[in-house]
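Shown next, in structure tokens, is the structure this report addresses.
Coordinate-derived values only; no laboratory data. Note that the coordinates shown come from a computational prediction; the quantities given were computed from them, not determined experimentally. All Cβ positions, even for glycine, are placed from backbone atoms using ideal geometry, and neighbour counts span all protein chains on display.
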Amino acid sequence: MTARFTKFGFDEKERFMLFLIAPAAIVLACFEIIPILIGMNASFREWSLVNPQRTWVGPKQYIAVFTDPVFLKMVLPNTFVLTIVSVGVSLALGLALASLLNRPFFGRAVVRTIILLPLTIAPVITATMMRWSFNDQFGVITIFLSYLGLPDVAWLSDRWPSFALIIITDIWIWTPWFTIILLAAMQGLPPEPFEAARIDAATPWCIFRRVTLPMLRPVIIVCVLIRAIDAFRTFDQVWILTGGGPARSTEVFSVYAYVLAFVDLDIGRAAAAAGIGALIMLFVGVGLYRLVNRSMEVS
Amino acid sequence: MISFALHTLRRSIFAISIAAIFVVFVGPIAILGVTSIRPASGVFYIWRGTNFTLNNFVEVLHQSQVVQAMWNSFVLSTLATILSLSITIGSGYMLSRFGGWIQRSWFATIYIFRTVPYISWVLPLYLVNTRLGIYDTYVGLLLPHIAVHVCFFSWLMKGFFDGINPSMEYAALIDGCTRWGAFCRVALPAAMPGIAALAILCWLSTWNEFLFALILSGKRTPLITSTMAQFVTETGTEWNLMSATAVLAMMPALLVTIFGQKYVIRGLRM
Amino acid sequence: MGLENKLARALLVGGGFCAVCSSTSQAETALSVCYINHPVQVANVAILEKWAANQGVKLNKTVTSYTVYLPKITQMLTSGANDQCDIIWNNDDWGQDLAQYLEPLDDVPNARKVEVGQLEPFHTADGNTTAVSMTTTAGILFYRADLISEAELPRTWDDLVKISQTLQSEKKVKWGYVGGMSYTNTFFSFWWTLWNNSCDVYAPAYERDNKKLAANGWKPMIYSPCQVQTAEFWWDALNSKKISPPGMTTYSRDEANAIFQAGDAAFTVADTTFLGTFNNAERSSVAGKVGIAPFPVGPMSNGVHTWIDVWGWSIPRTLPNDRKTAAKRLLGAMLGDSDGQIEQWNQTGGPPPNTDVWRTLEKNDATWRRLHTILFKPDHVHAAYYFRNWATVHKVYSDTLIRAMKGKREDITATLKAGSDAIHAGATAND
């Protein structure tokens, strides 16, 4: 038994495993884990960027965030709505577009390139462009919509229209991401089940429901999880489009943390808010994983 | 007759959806393109007036900082892509092929740190960089940009290796290959298309990354996104120059996408 | 023999080269100036550059994005780093916060040549100034001179509404007044009316001495009648009298300027530095038709109030002495350069930092005389309060007012009252 262990206490296989992750682990530790730990340390302190005192105050900052009515009644619900709607709709659109692109037709390569266009622009630019395009006075899209005879909407100045705009922008940016990954996965599926279904004269919808979807399950789970985590911390689009307004009604969790850190220069409170967000996402992520897994097994 | 009608219906639905895709995905890009060739006086009311100009591009390209930033971003994106892929291949392979406490705790670490929002580590990261004396250097930009990708890529790499049948590697091990040999000679080539696909996504996301660029780049290391942010000034946004720069910045990204597309489609299966 | 010779010669040449290197690097001081891409700052840096060349100083320019300027500079100063910036842009909003990390600049020639009360926000506890002026920033009312004659200019808010509605009904402009209203643009809508209605954020109005404000209990004026009137004026402007576009609550300077420059609005309030932009035919379709005027006042006003605040240059305390001296010399040269400062005024509309130069302009510049009468003759108010959490309070104030704008008119008082506690708490949090 002891012969299997070297002087380091690891056997040959374990050393190989550690060796494989070593470079990634070192970079992760230095440039992600250590900064985050510094941040977490700050979250237990009275730590202003100006004149930093760094007095230890225990969980005071966490309590302050958790008892802030804006955080509970606006920020958290907004963040969840944004995450759920954005991920859900982009997933659905991504599946639809991927199915469309999965069969050959004339000009498919062009359409595929077009769908990837949103990935080539920085989200900051996209959001700025959306902001100008939906302006109530000079926005090209607003004017186009009223030319079509649709009623005028105060896209940026009312709560729900501006929140819808944030979500639309997010969906526009991320649908290509889903499309490309799902398309790749669809092209990798084995052809046999589809042939069998065709022999049974199943409708295309039926084939999609009963054959394609179940086979795509693992990919969908990973995509949804990764995107949900990212959507939960969406910042650029919200900050540029509405700044969290009108009157904080579209504020999401990372805007909340940003305002604490960059407007109030209150590093302690900002770190606590960020920490709470990370914790929520941790649990939501695990729950989501189970949920997606189960719902897909049922269908 | 019915089948003919059905056929026509299906054809027209197809045509409509292609048209919709075109409008939705090209529309905003077209707006950006038109903005970039409007003079400063017509940059917000782009639908009023018909004067167009290429001066925005001339002006932007005359700013040495923009050209330098493009080059910096290009080098950074390329290096970050190569390095983040090479360090996460091993990590993903380990997650896929092995079990036990090391694998489980590494996966947990990756998952946990993926959930932490950028806001909470970008300011401390600035502190770490100044402390290590690498603030405003290429190394100081590169390493955090690699760290950003570690979690996400390890996870996806695991997916690639999960999709490859491990029996070939076992066969190689039995044939006397070392673990290292089995990894390099058997598993790695099989995962190559997926890795190529990830490379493109990595390149694009580094090229377009904003918050880190803003905080971590200084006078010596301008990046394209942080340079674009400088068109947002106290007196308002120089939207004509900003959109011209954005259009210029789109070109390399577009080239990478077009040429890389084949690999993205073929490679990204999990 | 030959080899030794070559080696010796190489060493000699190399050594000589090194000596040259080190002597030049000693002779030439390099200074870094950190600022944002604002026309006035760019113009002032041009003056610094001119004098740097003259003094044998190498001046490196670091333009930082406005969004991260404050966090980056604050972190640089608090960590004591001295390798990034030697001269930094300083704003009265945060001058108090940073004073302890900055070098006193009273020994810079002409440092005190500013309007009364303007350098106080940059003072240390001992009353030394930590900044020298680069310009004065102030808001002013711009109007369409081709539509409104000087005799007809609005003197009260009611005038403003009437003139706007007339011009709108005659289809001469789409909107009467347009200005920034979103957070950080509060000055260009809510605040100029507030200060011209005998009102302020804390009572007593226009007081900025923290001791006096504390003695009065940092009493918010947010639901006092003068503030409610202001809110009602803007609610009407947006919702019932419709002299301003309905989306204005979200406007920053971008949107407001775009609409004014397109000729779609008769009035706007913006920094004086926009005089140049609005009258620039390449940027604005109303070039040559823009005039400046005093603020119209509210029903409770006891006279026009303008806000004027200095933007300054500062030097980090942790710099080595040689760079401190060089930086001070450079700033002194800029303050003494009256031609350069007049050039800055002509290019950007940013008043010269040194008030001695104002006398020259008074004699031979009609635009300056107009601006000076409008801005500097009336009573002044500082556009910020000088305590740690002012930015937080500013945001709470902005959110509260915008909430009132989006609600019903009869709910305005209640909405404003709901913001009162947070505004009070913001000022007293660090006591």
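Relative to the compact globular guide of 2.2 N^0.38 Å, what is the alpha carbon radius of gyration of the protein assembly as shown, as a ratio? Mind dumping the intermediate values first?
Details: Rg = 30.8 Å, N = 1000, 2.2 N^0.38 = 30.4 Å.
Normalised Rg, Cα atoms only: 1.02.
Could you grab the relative contact order for chain B? Cα pairs under 8 Å, six or more apart, rounded to a whole percent. Mind showing how you got there, number by number?
On the way: 277 pairs, mean separation 80.3, N = 270.
Computed over chain B, the figure is 30 percent.
How high is the relative contact order of chain C, given as a whole-number percent (alpha carbon pairs under 8 Å, six or more residues apart)?
Details: 724 pairs, mean separation 104.0, N = 431.
Averaging sequence separation for qualifying contacts and normalising by length gives 24 percent for chain C.
Would you work out which of B:Gly176, B:Val66, B:Leu127 lies farthest towards the positive end of the dipole of the range B:60-267? Charges go on Cβ: Lys and Arg +1, Asp and Glu -1.
It is B:Gly176, whose Cα lies furthest towards the positive end.
Please give me the summed charge of the neighbours of C:Asn82: other residues whose Cβ is under 13 Å from its Cβ, Lys and Arg +1, Asp and Glu -1. Could you put the intermediate results ahead of the total?
Details: positive: C:Arg317, C:Arg323, C:Lys324; negative: C:Asp83, C:Asp86, C:Glu103, C:Asp322.
Taking every Cβ under 13 Å from that of C:Asn82, the sum is -1.
Restricted to Cα positions, what overall size does the range C:39-119 have along the principal axes? Three whole-Å values, descending.
33, 32, 25
In the range B:35-137, what trypsin sites (Lys or Arg not before Pro) fall in a loop by DSSP, with at most 15 other Cβ atoms inside 10 Å?
Numbers: sites: B:Arg48, B:Arg97, B:Arg104, B:Arg114, B:Arg131; in loops: B:Arg48.
Answer by residue number: B:Arg48.
So what does the Cα-only Debye profile of the range A:43-298 read at q = 0.11, 0.16, 0.17 Å⁻¹, as log10 I(q)/I(0), no solvent term?
Normalising to I(0) and taking log10 leaves -0.74, -1.21, -1.28.
Determine which lysines satisfy two conditions relative to C:Lys241: a Cα distance under 24 Å, and not lying fewer than 8 residues away in the same chain.
Here the lysines satisfying the reach criterion relative to C:Lys241 are C:Lys162, C:Lys171, C:Lys172, C:Lys174, C:Lys406, C:Lys408.
Would you list the membrane-span-like helices of chain B, meaning whole DSSP H runs whose alpha-carbon atoms span at least 18 Å along their axis and whose mean Kyte-Doolittle value is at least 1.0?
B:2-36, B:119-132, B:138-162, B:188-208, B:239-267
Could you work out how far the C-alpha centroid of the range A:233-285 sits from that of the range C:27-104, in angstrom?
For the range A:233-285 versus the range C:27-104, the Cα centre distance is 30 Å.
Hey, could you get me the Stokes-Einstein D for chain C, Kirkwood radius over alpha-carbon pairs, 37 °C and 0.692 mPa s, rounded to whole µm² s⁻¹?
Values: Rh = 23.5 Å.
The estimated diffusion coefficient comes to 140 µm²/s.
Run the simple label-point estimate for C:Asp421 and A:Asn51 please: 7 Å along Cα→C-beta, distance reported in nm.
With each label point 7 Å from Cα toward Cβ, the separation is 2.6 nm.
Over the range A:43-298, what relative contact order in percent results from Cα pairs under 8 Å that are six or more residues apart?
32 percent
Less than 12 Å apart at the alpha-carbon level, and either on another chain or at least 8 residues along: which aspartates and glutamates does that give for C:Lys289?
Leaving aside aspartates and glutamates fewer than 8 places away in the same chain, those within reach of C:Lys289 are C:Asp146.
Would you mind computing, in nm to one decimal, how far apart the modelled labels at C:Glu343 and C:Asp379 are, each placed 7 Å from Cα along Cα→Cβ?
Using points 7 Å along Cα→Cβ, the separation is 4.1 nm.
Length gain on complete extension for the stretch A:Leu148 to A:Asn102, per 0.36 nm per residue less the alpha carbon to alpha carbon distance?
Using 0.36 nm per residue and subtracting the Cα-Cα distance, I get 13.3 nm.
What is the average number of partner chain Cβ atoms found within 10 Å of a Cβ in C:109-122? Let's see the in-between values first.
Working: counts 0, 0, 0, 0, 0, 0, 0, 0, 0, 0, 0, 0, 0, 0.
Shielding by partners across C:109-122 averages 0.
Could you give the dipole magnitude of chain B about its Cα centre, charging the beta-carbon of Lys and Arg +1 and that of Asp and Glu -1, in debye to the nearest 20? Working shown, then result.
Working: 16 positive and 8 negative charges, 118 e Å.
Rounded to the nearest 20 debye, it is 560 debye.
Take chain B, drop everything but the C-alpha atoms, weight them equally and run the Debye formula without solvent; then report log10 I(q)/I(0) at 0.07, 0.12 Å⁻¹ to two decimals.
For chain B at q = 0.07, 0.12 Å⁻¹, log10 I(q)/I(0) is -0.38, -0.91.
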